[in-house]
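**Student:** There's a structure below that I have some questions on.
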Amino acid sequence: MAAITDMVSLEQRGDIALVLIDNPPVNALSHGVRLGLLRAFEQVADDAAVKGVVLACRGRTFIAGADITEFGKPPKAPGLQEPQTAIEDCPKPVVAAIHGTALGGGLEVAMCAHYRVGDPAAQYGQPEVKLGLLPGAGGTQRLPRVTGVAKALEMCAIGDPIGSQEALAAGLIDAIIEGDLVDGAVAFAEQLVAEGAPLKKIRDRDEKIEEARANRAVFDDFRKSIARKTRNFHAPAKNVDLIEAALDTPFDDALEQEREVFEDLMAGRQSQAQRYYFFAERQAAKVPDLPRDTALREVRTVGILGAGTMGGGIAMNFLNAGVPVKIVERDRESLERGIGVVRKNYQRSARRGRFTMEQVEERMSLLDAGTDKSVFADVDMVIEAVFELMPLKKSVFTELDAICREGAILATNTSGLNVNEIAAVTKRPHDVIGTHFFSPANVMKLLEIVRGDETAEDVLATTLQVSKTIGKIPAVVGVAPGFVGNRLLHQRGLEAERLILEGAPPARVDSVLYEFGLPMGPFAMGDLAGLDVGWDPDDTHGRTVREVLCESGRRGQKNGRGYYIYDPETRAPSPDPEVLDLIRDFASRHGVAQRDDHSDEEILDRCLLPMANMGAKILEEGKAMRSSDIDVVWVNGYGWPVYQGGPMFWAEGMGLDTVAAKIKDYGAKLGGAHWELSPLIEQLASEGNSFQDLPPQKIR
């Protein structure tokens, strides 16, 4: 074996050359890989003893994409096009042998080979769109030529990978290799040599894009199908445009266009935000003071107290992961209603083709339901999901402390109560942790893991592992009212309420935030959740607009009247003139002058700047480890658009000096504690630094 670079080697298998990439952990297309590929293929092209070539990778995967750490840095020659050309123009048949994942630039390299084979479990994809980009090395041009336009549109503009069987059916690979992949690929190459097989260059293939030339409606239909999901995103539309360009633009010209658009997207704020978030999500599970070798507790069975909307949703997460669940409700009627909802949710998913009815029954068979808490005596973890009332939580944990075995993890699904206070009623506060699931718990990805003052390291480490098992994205936070997500939400709510009192209609405020990219504004969200959630009809005195609406019989979507009126058939909202009158009367009684000149910028600033300000205060208090963790909470728990990065990233993009000046200005005009500038923002702004310059800190 000859080393070409420290990442690429070359060996001979008879008359077949084997080019091997070894760049752990994912064989990314780093400079050493690109240079090694170029030199290796230059060498085999001139070697008369070589009749064919196999390109393969060591380790757990084929090339899984570009080296994202090189993004934004000065380019280092060679780029990717040079080794791609060397592979494509090789005068001997080249077979790419794919295992693990061939993603992004990895698939673009594989498509320069004349043939491709894969193992049965391999995955193939162009996921660049998820980083706000498009394939920049021929993916939008080669893929439609080999798979057809419809499949290429899905793979590039949506970004989800496909498996070997689907890749074979689409023509992306030529064979699936059972057994040893490299041996099989070498045998495949030997057969090509023996048969004198042609050197198939995808760039020269035209038959599959010819089909799309005769049916250009495929592009408009696809654009319509993804319009809602990709609202405000730039990259999906650019991917579609470039694939459409493959129909009429000469290949080399289209490659140049692709590269130009790639560079534009790379420099844009959306891709910067999406790349930032890519790393933020992966960092969120890393706790700086938690030893990597912390021993985990076994979690083989889970108990859930409460079979309501939240408890049932939490249970589904574990059932989906194959973890047996014991769920307990206070009475048989509530229990049967809750279990019925779980079953209906599964059956609905089965009707949509997500899984079979047999799989529904497999999940339900793992659920043991009853009304006696004593069944929790032998579970490894209990999650309570009862009403958000501190006396009730304390009562529950006193019981669990007496019932559960030593070493069991006791978790509270509180959205903002003091976890330390709950833990204090037990004799084992080190076993207590907060697990704040977001509703609907079987859908929402976020899990706020609340680290109490006495939470043991192995309890935290195990809960992080549990979050991975059930497919959640964790964010470790500290004990404070509302933790991280809801504390920021409260700040937005304060200003949104003040804006409507000043005369900005609820629909206007909601519209500005929707256009920013949020799934809905605060008033539409209130109607969806139910305006009467937390409202006490025995203790209501018209102290807020929400109380006034509840007193007037408005409950939100549940009864068709809230901040909006809802069509009984379509549930489409429309503004309610009576609500505007109620708001005007309320403002008049409280001496709030109304005006009609709120700009979109003012509405956005007043709703979002207090959120970033609170985020900075949370960092000062040590209730979040990183500013990026706060962004992870808001992207996954509240629908903050990933192309805006998160409230902290958004504020950084404005410039912290500008943020500080605006907060001071609004504070002087409006008053209120939420407009008191965070000293951290003031300090960072004066130093010319950002939140991302701060090292991760221990939760305290």
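The values are calculated or read from the model by the stated rules, or taken from the named source; none is laboratory data. Everything quoted here is computed from the prediction, not taken from an experiment. Here Cβ is always computed from backbone atoms with ideal geometry, including for glycine, and neighbour counts include all displayed protein chains. Surface accessibility is based on the protein's heavy atoms, side chains included, excluding ligands, DNA and RNA. Shrake-Rupley method; radii C 1.70, N 1.55, O 1.52, S 1.80 Å.
**Student:** On the accessible surface of the chain, probed at 1.4 Å, how many percent belong to carbon and sulfur atoms?
**Tutor:** Here carbon and sulfur together make up 51 percent of the probe-accessible area.
**Student:** Give the distance, in whole Å, between the Cα centre of the stretch 506-549 and the Cα centre of the stretch 388-442.
**Tutor:** Taking the Cα centre of each part, the stretch 506-549 and the stretch 388-442 sit 29 Å apart.
**Student:** Also, quick follow-up: If each of Arg405 and Thr309 carries a label point 7 Å out from its Cα toward its Cβ, how far apart are those two points in nm?
**Tutor:** Modelled inter-label distance: 3.5 nm.
**Student:** A further question follows. List, in the order given, every pair from Lys344/Lys393; Lys394/Lys427; Lys92/Lys200 whose Cα-Cα distance in the structure shown is over 20 Å.
**Tutor:** Lys344/Lys393
**Student:** For the pairs Lys326/Lys468; Lys130/Lys229; Lys445/Lys617; Lys445/Lys468, flag any whose C-alpha to C-alpha distance is greater than 18 Å.
**Tutor:** Listed pairs above 18 Å: Lys326/Lys468; Lys445/Lys617.
**Student:** Further question: On a full-extension model of 0.36 nm per residue, what is the gain between Ser334 and Glu263, subtracting their alpha-carbon distance, rounded to one decimal in nm?
**Tutor:** Roughly 19.9 nm would be gained on extension.
**Student:** Count neighbours as other Cβ atoms within 10 Å of each site's Cβ, and list the GluC sites (Glu not before Pro) in the stretch 495-585 that are DSSP loop with at most 11 such neighbours.
**Tutor:** Those satisfying the criteria are Glu569.
**Student:** State in Å² the accessible area per residue of the chain; use a 1.4 Å probe, count heavy atoms of protein chains only, and round to the nearest integer.
**Tutor:** That works out to 43 Å² per residue.
**Student:** Can you give the accessible area of His590 in Å² (nearest 10), computed on protein heavy atoms with a 1.4 Å probe?
**Tutor:** His590 exposes around 100 Å² with every protein chain in place.
**Student:** Just in the stretch 1-79: which chymotrypsin sites (Phe, Trp or Tyr not before Pro) are loop by DSSP and have at most 15 other Cβ atoms within 10 Å? Intermediate results must be reported in sequence, preceding the final value.
**Tutor:** Numbers: sites: Phe41, Phe62, Phe71; in loops: Phe62, Phe71.
Of the chymotrypsin sites (Phe, Trp or Tyr not before Pro), the ones in loops of the stretch 1-79 whose Cβ has at most 15 other Cβ atoms within 10 Å are Phe71.
**Student:** Could you estimate the translational diffusion coefficient of the stretch 294-341 from the Stokes-Einstein equation, with Rh from the Kirkwood formula over C-alpha pairs, at 4 °C and 1.567 mPa s, in whole µm²/s?
**Tutor:** The calculation lands on 115 µm²/s.
**Student:** Please work out the ratio of the alpha-carbon Rg of the stretch 2-100 to 2.2 N^0.38 Å and round it to two decimals.
**Tutor:** Here the Cα radius of gyration is 1.03 times the empirical estimate.
**Student:** Out of these labelled values of Cα extents along the principal axes in Å, [x] 112, 62, 46; [y] 93, 62, 46; [z] 90, 62, 55, which was calculated from the coordinates shown here?
**Tutor:** Correct label is [z].
**Student:** Need the C-alpha centroid separation for the stretch 175-249 versus the stretch 622-700, integer Å.
**Tutor:** 43 Å
**Student:** Further, regarding this structure: Using a Förster distance of 60 angstrom, determine the FRET efficiency expected from the C-beta separation of Asp585 and Lys286, and round it to 0.05.
**Tutor:** 0.70
**Student:** Under a point spin-label approximation (7 Å from Cα along Cα-to-Cβ), what is the Phe71-Glu210 distance to one decimal in nm?
**Tutor:** 3.9 nm
**Student:** Same structure, new question: Near Arg561, within a Cβ-to-Cβ distance under 13 Å, what is the net charge of the other residues, with Lys and Arg +1 and Asp and Glu -1? Please list the in-between numbers first.
**Tutor:** On the way: positive: Arg554, Arg555, Lys558, Arg571; negative: Asp527, Asp532, Glu551, Asp567, Asp576, Glu578.
After counting each charged neighbour, the total is -2.
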